[in-house]
Structure formats: C-alpha cells, structure tokens
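For reference, the structure discussed in these notes is given below.
The values are calculated or read from the model by the stated rules, or taken from the named source; none is laboratory data. In this text the structure is predicted, and so the values were computed from the model without any measurement. For neighbour counting, all protein chains shown are included, and Cβ atoms are generated from backbone atoms with ideal geometry for every residue, glycine included.
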Amino acid sequence: MTTATFHPDLFAGKVALVVGGTTGIGAGIADAFAGLGAVVTVTGATAAECSAARSSQSFRCRDAVALDVRDEPALARLVGDLPRLDVLVNCAGIIRRGAEHDVAVFEEVLAINLTGTMRACTLARGKLKAAGGAIVNIASVLSFVGGGLVPGYAASKGGVAQLTKSLAIAYAAEGIRVNALAPGWVATPFTQALREDPQRNAAILARTPLGRWAQPEDIAGAAVFLCSPAARFITGAVLPVDGGYLIM
C-alpha cells in the first residue's frame, strides 16, 4: 500500500534508523522505508528478537542490532557506524500494565520510552544535520488521555509529544524536522492481550469510528509522509493515526 502511494525510489540513497524496529509498529515502518529504497537498520531489545527479524522472509532491512536505549555508549557506536543518517524513527517502548504504580517500574518505563527517545535524538543530531534529515517519534493516543493502569506509559508518551515540539524548535535552524505520530489501537504483539479480552476489545472498537484495529502499515504510511518532501514545511506536529479514537 505504501509503495503504491509513494514513488518506489523516494528514499533511494537515504539511510534510516528505526529504533525498536524489529516488531510491531516499528517493523511496519522499517519495511515501508526499505520498500521505498532506503537502507534501513533496525534495533531490537534482545539478540533473539533481532535474529528472529533477520530470519523472516519479509525482512528487507540492512541489519537488525540488539540495543538497550538506556546504554548510551552502545547507541553512540551504532549511530557512529552509519555512513549517514537521513531518517530517525524512535519506536522503542515498553508497557507494564498494572505494575506502573510501583515507582521503580514507573521510572523504568520513562527511562526507555522517554529518555531513550531523547538520547537517540541527541546522539543522531549531528548526522541528521549533515543530511538535512527528519525525526519521527512514536507517541500515542495516551499522550492526550490518561490510563489508570499505565501511569508510566501515559506520562512517557505525553512527554514524547512535548519533547517532539521542543526539539522541533531546537533543531529547526539545523534543517532537521521533528514530528511525532500518536497511534491508536494497533494489532501487534504489544496489544494481543487486549484484543483477546472480549470486553476491552469491544470497548476499543466502539470508540473507534473506523471500527477496526489499525495494522502496522497504517502507521507506516504516516511516518513515510512526515519524512518525505511532501511534509517539508511540517515540524513539531503530533499526528494522531487512530481511526478517529480521540474525537469520540
């Protein structure tokens, strides 16, 4: 679908890094950029996760690298090894439903989802400046509404939205555009438990005007747009891709 919308060589000669790109939304975004000609590196939380991604017949990225976004030296080495960087997508994240009222768990969620995003943007800034590149951070509909079971996740995603706006201002003079996507409910391993819960599934669909769960490629198209020349005057935006969930 994405390659039917955008010219097949739109990102030819470009290099993209999708942090958290081995599964789910990140994998969909990485595949979309690869399908449009970019040389894409993805990261995953574990070596096993990366091995599984590489062994998939549909894997079109250059490589999958295990990375803990809290490990600054490892992230710096990864960015430093790239020949250039045109696109950075920050998709690494965790959720600990019910456990996030424990302060230690809350802090872990923020360290990965929010501080990890800031760390990647900071370390990639130089190469993005040289290429006139773009950043897409993954926020959430929970950037706008609360979640009683997930105070850490909601706080981190609210922070990602505000971080995006702040970095858009800070990086604008360097030719780097910084935007975010706020996905709604997406059918990934991340949300499998919710989809298998009849009551929660029904409640989510009832509040989603388009009446279905998103697929990762639904989010990927918006990411491609925000990094494309079509969005050259867009920065600091937090774009909901939620099937209308937030308007209900």
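Just to verify a result, which residue in segment 144-178, among those that are within 25 Å of Arg212 (Cα to Cα) and not aliphatic (A, V, I, L, M), is surrounded by the most Cβ atoms within 10 Å (Cβ to Cβ)?
Selected residue: Lys157.
Quick check on my filter: what residues within segment 115-133 are surrounded by fewer than 24 Cβ atoms within 10 Å (Cβ to Cβ) and touching a residue at least 12 places away in the same chain (Cβ under 8 Å)?
Within segment 115-133, Thr115, Met118, Arg119, Cys121, Leu123, Arg125, Lys127, Lys129, Ala130, Ala131, Gly132 qualify.
Against the condition of a type in the set (Asp, Glu), part of a loop (DSSP other than H, G, I, E, B) and out of contact with any helix residue (DSSP H, G or I) (no Cβ under 8 Å at 6 or more places or on another chain), how does Asp9 come out, does it pass?
Working: of a type in the set (Asp, Glu): yes; part of a loop (DSSP other than H, G, I, E, B): yes; out of contact with any helix residue (DSSP H, G or I) (no Cβ under 8 Å at 6 or more places or on another chain): yes.
Yes.
If you take the residues of segment 43-75 that are in contact with a Lys or Arg (Cβ under 9 Å, 6 or more places away or on another chain) and among the hydrophobic types (A, V, I, L, M, F, W, C), which of them is surrounded by the most Cβ atoms within 10 Å (Cβ to Cβ)?
Ala64
In the set Ala4, Ala30, which member is modelled with pLDDT of 95 or more and in a helix (DSSP H, G or I)? Even if it seems obvious, please write down each step before you answer.
On the way: Ala4 fails: modelled with pLDDT of 95 or more.
Every option except Ala30 fails the conditions.
Do you know which residues across segment 180-203 are farther than 27 Å from Gly236 by Cβ and touching a Leu at 6+ places or on another chain (Cβ under 7 Å)? Talk me through it step by step, then tell me what you get.
Here is the first cut: in segment 180-203, the residues farther than 27 Å from Gly236 by Cβ are 187, 189, 191-203.
Passing the criteria: Arg200, Asn201.
Looking at segment 195-209, is at least one residue in contact with a helix residue (DSSP H, G or I) (Cβ under 6 Å, 6 or more places away or on another chain), of a type in the set (Ser, Thr, Tyr), at pLDDT 95 or above and more than 27 Å from Glu107 (Cβ to Cβ)?
Yes; the residues of segment 195-209 include at least one that is in contact with a helix residue (DSSP H, G or I) (Cβ under 6 Å, 6 or more places away or on another chain), of a type in the set (Ser, Thr, Tyr), at pLDDT 95 or above and more than 27 Å from Glu107 (Cβ to Cβ).
Report, by residue number, each residue of segment 57-88 that is at pLDDT 95 or above, part of a loop (DSSP other than H, G, I, E, B) and within 17 Å of Ala220 (Cβ to Cβ).
Restricting attention to segment 57-88, the residues satisfying the condition of being at pLDDT 95 or above are 59-88.
So of that shortlist, the ones also part of a loop (DSSP other than H, G, I, E, B) come out as 59-62, 67-71, 82-86.
Matches in segment 57-88: Phe59, Arg60, Cys61, Asp86.
If you take the residues of segment 134-161 that are assigned to a loop (DSSP other than H, G, I, E, B) and in contact (Cβ under 8 Å) with a residue 60 or more places away in the chain, which of them is farthest from the chain's Cα centre (by Cα)?
Val145
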